[in-house]
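Colleague: Here you go, one structure.
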Amino acid sequence: MATDTTERRGPARVDERYARPLFILTIVTGSFLLFLTQPMIARMALPRIGGAPSVWNSAMLVYQALLLAGYAYAHWVSKIRPRKQVGVHIVLLGLAALWLPIGLSGAIPPADGSPFFWVPWFLLASIGPVFFIVSAQAPLMQRWYALETSRGDPYPLYAASNLGSFAGLISYPLIVEPLMSLNQQSWLWTAIYVFLVLLVVGCALTVPADAVEVVPEEESAPPTTKQYLHWILLAAVPSGLMLSTTTHLTTDIVAMPLLWVMPLGLYLLSFVVAFAERRRPTELVTIVAPLIILIAGGLAFSDGSRNPFVSASLGLFLLLVVAIALHGEMFRLRPSVGHLTKFYLAMSFGGMLGGLFCAIVAPLVFDWAYEHPVLILAAALLVPQSPLVPWPRRLIHVLGAAIPALAILLSFASERGWFGYGPGAAMLGSIFVSLLALACLGRRVPFMVALAALMLSYGGWSTLARSAGDSRTRSYFGIYDVYNRPDGSARVLTHGTTLHGIQNLTPGLETVPTSYYARRSGVGLTLANANAIFGRPARVGFVGLGSGTLSCYHQAGQQWTIYEIDPQMVEVARNRFTFLSRCAPDARIVLGDARINLRERTPANSIDVLAVDAFTSDAVPMHLLTREALAEYGRAVQRDGIVLFHISNRYLDLKPVVADIAATGGWASAMMVYQPTTEEADLNATISVWIALSRNPETLRRVIEASGEDGPNWEALDPTPGFAGWTDDHASILPILNYPSWVPFLGRR
């Protein structure tokens, strides 16, 4: 590969022995700062935009768009004389400092606005300038480094850049968030930014005042359109696959907290491997990549919740292998140093396209996480591969059409039970399809089609069939599935892998409260006796509609207000379930973020009982469980009123959180852990944990008294010694994680 030469008439001001460490430190610091920004800003924005996977994907899209803008700026500024580049860049670093300390704009999401577009706008307005200028560091510093030809190839410095990115990403949930408030985090970011500016000035001193770039004649031809498109595709697929893996894991396998860190971390580490000077690891991964895509990618439609650890591991391993293989191919096809910034600009544009596809297009177009198998198929089309089985030259076109068609036919036949029913028959059909896919290896399009057939044989056909009906819906906040049980006894609502509502379909049982809301649950006992507790028709509000089960505690004369953030959930509750229409058809539904609506659109002292039951799959939005949140609930709830928290959760022990905010705010508390009897479980009651809070202990005494024989099941809730409670400024889930038993070494058994 040809390199640029630089005509210099004066010595550099910095000893060349220190140049490489200085540039590496500058690039690592800039990348560390970028990926410290991402989770930090998402945490700051949590009270306003929530914590659904789509919110994270939207944030990633904004970061990728700003990264593209930064790389475009680096490309533009590299066209002027090196010393002018230095001046322009340092001036812009100074101007961006006007946005320090880093934080959020004061914008509030409109209740009737679309979060698809409001969230990106909000993040751009908040961090755009500083993120833009810092994102230019990696390509621009590599360009400055290459001004001295004796320094060698600058491209491997990008590996150091992504190592810094990974360090920034992983340090936030493990170190920064648990130990620092948001205000302290903001000032930490500011301090690192100042350090970065000083490093950039040090790098600038290595650029001689009279340096003039001279591009050799053989390098003057720019990359072709085909090359640009190839780079863009090679960057778009891993970027999109990283986001789709996040959605796929949290939607269809396990909604475990902090799981989103792993796909992004592996994506960043793939650059470290793919852009390293030692090429052997990347070459080995590229060789096995088609087989890994076939094995792990073939399970894209399968039900991973049955064996979540294996499924999650396969999904993450697939992402890592695909990212290394495609990024390694990008590195192999990199241009000479004279076109370095064009290369990174194309790569950044591809990354943004992948994010755009997953964050904006997919939720609007698909009713399931179809972007995940689509991107795996795209990876199969792009990954380098060699034929495993030789085909006769004169039959290439015939076999290229016949073998994939046969694979599709066998896949459909296996799904339809043509080979018999049961796991053995299905496995036999999938094995035949796998063998046909192996025969197509090395022929990109036939291999991709055969892989699609394998995906369909592992649950794909049934997934498509459900999309053809009306059982599934998707919104910005998640994927909701509504289905009847095979025996027709009940209708079920799930959000990802989490149960969100059950309605009995047996005549006479349609309005019986089920699941977490059974008669003898904490919320059931409170709402059923609300009139007796307050001596008049109660005013009831609840956060999180779900299937509308709680509405069947409505009694004549009561005023009910339901706070729901997702319009699609309202459609599901009204059109697929009959709790609302039968029990509380006149209940008022307020769309938008519950905290904002309770604070700004709900009169003070207008609620007697407020039930907080807002889930994002299997996680409670953190901003609904802070001390400030309880204070806002307390404004809307009358002095002697009750706030109920539903804290049933597979992965978080939320008792210390609620106990702390209650004690700090001066609220009395009582907890009910409900275990249904066999008869109740037959009516679809499930285990639940509810905590009741009131500023008047006498109110809780009346709740316990009204609970009758279940009164003794209410137990006192004491704060956990040493636990730092959640506030809008500081919260961490690490102290309350209940790792599931299938997580090696961490699971509680």
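The values are calculated or read from the model by the stated rules, or taken from the named source; none is laboratory data. Note that the coordinates shown come from a computational prediction; the quantities given were computed from them, not determined experimentally. For neighbour counting, all protein chains shown are included, and Cβ atoms are generated from backbone atoms with ideal geometry for every residue, glycine included. Note: accessible area is taken over every heavy atom of the protein model, side chains too, but ligands, DNA and RNA are not part of it. Shrake-Rupley method; radii C 1.70, N 1.55, O 1.52, S 1.80 Å.
One line per residue, one yes/no per condition, for (1) within 20 Å of residue 278 (Cα to Cα); (2) outside any helix (DSSP H, G or I):
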residue: 123; (1), (2): no, no
residue: 126; (1), (2): no, no
residue: 129; (1), (2): no, no
residue: 134; (1), (2): no, no
residue: 140; (1), (2): no, no
residue: 143; (1), (2): no, no
residue: 153; (1), (2): yes, yes
residue: 158; (1), (2): yes, no
residue: 164; (1), (2): yes, no
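Colleague: Sort out for me the helices (runs of 4 or more DSSP H) sitting completely within segment 1-107 that have 3 or more residues that are modelled with pLDDT under 80. Write out each step before concluding.
Modeller: Values: elements: 19-49, 53-77, 82-96.
Because the criterion is at least 3 residues that are modelled with pLDDT under 80, the helices (runs of 4 or more DSSP H) in segment 1-107 that meet it are 19-49, 53-77.
Colleague: OK, next. Go through (1) closer than 26 Å to residue 702 by Cα; (2) open to solvent by 10 Å² or more (accessible area, probe 1.4 Å); (3) in contact (Cβ under 8 Å) with a residue 24 or more places away in the chain for residue 543 and report which single condition fails.
Modeller: In the conditions (1) closer than 26 Å to residue 702 by Cα; (2) open to solvent by 10 Å² or more (accessible area, probe 1.4 Å); (3) in contact (Cβ under 8 Å) with a residue 24 or more places away in the chain, residue 543 misses (2) alone.
Colleague: From 343, 331, 357, 349, grab the single residue that is in contact (Cβ under 8 Å) with a residue 60 or more places away in the chain, closer than 22 Å to residue 68 by Cβ, in contact with an Asp or Glu (Cβ under 8 Å, 6 or more places away or on another chain) and aromatic (Phe, Trp, Tyr).
Modeller: Going through 343, 331, 357, 349 in turn, the sole match is 357.
Colleague: Do we have residue 651 as more than 26 Å from the chain's Cα centre (by Cα) and aromatic (Phe, Trp, Tyr) here?
Modeller: Numbers: more than 26 Å from the chain's Cα centre (by Cα): no; aromatic (Phe, Trp, Tyr): yes.
Considered against the rule, which asks whether it is more than 26 Å from the chain's Cα centre (by Cα) and aromatic (Phe, Trp, Tyr), residue 651 comes out as no.
Colleague: Now a separate question. Give just the number: which of (1) open to solvent by 70 Å² or more (accessible area, probe 1.4 Å); (2) small (Gly, Ala, Ser); (3) in a helix (DSSP H, G or I) does residue 413 not satisfy?
Modeller: (1)
Colleague: Okay, moving on. For residue 301, work out the one condition from (1) at pLDDT 90 or above; (2) within 23 Å of the chain's Cα centre (by Cα); (3) of a type outside the set (Lys, Arg) it doesn't fulfil.
Modeller: Evaluating residue 301 over (1) at pLDDT 90 or above; (2) within 23 Å of the chain's Cα centre (by Cα); (3) of a type outside the set (Lys, Arg) leaves (1) as the failure.
Colleague: Another question, then. I need every pair where a residue in segment 587-610 that is closer than 15 Å to residue 537 by Cα and in contact (Cβ under 8 Å) with a residue 24 or more places away in the chain has its Cβ under 6 Å from the Cβ of a residue that is aromatic (Phe, Trp, Tyr) and open to solvent by 20 Å² or more (accessible area, probe 1.4 Å), sequence separation at least 6 or different chains.
Modeller: What qualifies is 608/534.
Colleague: Would you say residue 416 is farther than 30 Å from residue 568 by Cβ and charged (D, E, K, R)? Before you say what the answer is, go through the steps one by one.
Modeller: Values: farther than 30 Å from residue 568 by Cβ: yes; charged (D, E, K, R): yes.
Yes, satisfied.
Colleague: Another question, then. Scan segment 346-405 residue by residue and report those that are more than 19 Å from residue 319 (Cβ to Cβ), aliphatic (A, V, I, L, M) and in contact with a Phe, Trp or Tyr (Cβ under 8 Å, 6 or more places away or on another chain).
Modeller: 346, 360, 364, 399, listed by residue number.
Colleague: Restricting attention to segment 314-330, does a residue exist that is in contact with a Pro (Cβ under 8 Å, 6 or more places away or on another chain) and surrounded by fewer than 19 Cβ atoms within 10 Å (Cβ to Cβ)?
Modeller: Within segment 314-330 (the criterion being in contact with a Pro (Cβ under 8 Å, 6 or more places away or on another chain) and surrounded by fewer than 19 Cβ atoms within 10 Å (Cβ to Cβ)), the answer is yes, since at least one residue qualifies.
Colleague: So is residue 614 outside any helix (DSSP H, G or I), within 28 Å of residue 363 (Cβ to Cβ) and within 25 Å of the chain's Cα centre (by Cα) or not? Lay out the reasoning, then the answer.
Modeller: Details: outside any helix (DSSP H, G or I): yes; within 28 Å of residue 363 (Cβ to Cβ): yes; within 25 Å of the chain's Cα centre (by Cα): yes.
Taking the combined requirement at face value, the residue satisfies it.
Colleague: Please list, ordered by first then second residue, the pairs with beta carbon atoms under 8 Å, 6 or more apart or interchain, first in segment 514-531 and open to solvent by 10 Å² or more (accessible area, probe 1.4 Å), second basic (Lys, Arg) and not in a strand (DSSP E or B).
Modeller: 525/519; 528/519
Colleague: Return the total of residues in segment 686-712 being open to solvent by less than 70 Å² (accessible area, probe 1.4 Å), in contact with a strand residue (DSSP E or B) (Cβ under 7 Å, 6 or more places away or on another chain) and not aromatic (Phe, Trp, Tyr).
Modeller: The qualifying residues number 14.
Colleague: Please verify whether segment 348-358 includes one or more residues that are part of a loop (DSSP other than H, G, I, E, B) and open to solvent by 10 Å² or more (accessible area, probe 1.4 Å). Steps first, please.
Modeller: The first filter runs over segment 348-358 and keeps only residues part of a loop (DSSP other than H, G, I, E, B), leaving none.
The answer is no; no qualifying residue exists.
Colleague: Which of the residues belonging to segment 386-410 are in a loop (DSSP other than H, G, I, E, B) and of a type in the set (Gly, Ala, Ser)?
Modeller: Step one: of segment 386-410, the residues in a loop (DSSP other than H, G, I, E, B) are 386-392.
Residue satisfying the conditions is 386 alone.
Colleague: Run down 502, 479 and say which single residue is open to solvent by less than 50 Å² (accessible area, probe 1.4 Å) and in contact with a His (Cβ under 8 Å, 6 or more places away or on another chain). Steps first, please.
Modeller: Working: 502 fails: in contact with a His (Cβ under 8 Å, 6 or more places away or on another chain).
The unique qualifying residue is 479.
Colleague: Residues in segment 516-529: is at least one in contact with a His (Cβ under 8 Å, 6 or more places away or on another chain) and closer than 26 Å to residue 471 by Cα?
Modeller: Yes, segment 516-529 has at least one match.
Colleague: Out of contact with any Leu (no Cβ under 6 Å at 6 or more places or on another chain) and open to solvent by less than 60 Å² (accessible area, probe 1.4 Å), is that true of residue 573?
Modeller: Values: out of contact with any Leu (no Cβ under 6 Å at 6 or more places or on another chain): no; open to solvent by less than 60 Å² (accessible area, probe 1.4 Å): yes.
Taking the combined requirement at face value, the residue does not satisfy it.
Colleague: Among the residues of segment 421-440, are any at pLDDT 90 or above, open to solvent by 10 Å² or more (accessible area, probe 1.4 Å) and touching a Ser or Thr at 6+ places or on another chain (Cβ under 8 Å)?
Modeller: Checked segment 421-440: no residue is at pLDDT 90 or above, open to solvent by 10 Å² or more (accessible area, probe 1.4 Å) and touching a Ser or Thr at 6+ places or on another chain (Cβ under 8 Å).
Colleague: Now for a different question. If I ask for residues that are more than 14 Å from residue 320 (Cβ to Cβ) and at pLDDT 90 or above, which ones from segment 279-294 would you list? It would help to see each step written out before you state the result.
Modeller: We begin by selecting, within segment 279-294, every residue more than 14 Å from residue 320 (Cβ to Cβ); these are 279-280, 283, 287, 290-291, 294.
Listed by number, the residues that qualify are 280, 283, 287, 290, 291, 294.
Colleague: While we're here: Pick out the one residue from 499, 493, 456, 451 that is aliphatic (A, V, I, L, M), at pLDDT 90 or above and closer than 26 Å to residue 688 by Cβ.
Modeller: Values: 499 fails: at pLDDT 90 or above; 456 fails: closer than 26 Å to residue 688 by Cβ; 451 fails: closer than 26 Å to residue 688 by Cβ.
None of the others qualify; the one that does is 493.
Colleague: Now for a separate question. One residue is enough: does segment 594-609 have a residue meeting the conditions surrounded by fewer than 20 Cβ atoms within 10 Å (Cβ to Cβ) and touching an Asp or Glu at 6+ places or on another chain (Cβ under 6 Å)?
Modeller: yes
Colleague: Any residue at all in segment 643-662 that's of a type outside the set (Lys, Arg), under 27 Å from residue 537 (Cα atoms) and open to solvent by 40 Å² or more (accessible area, probe 1.4 Å)?
Modeller: no
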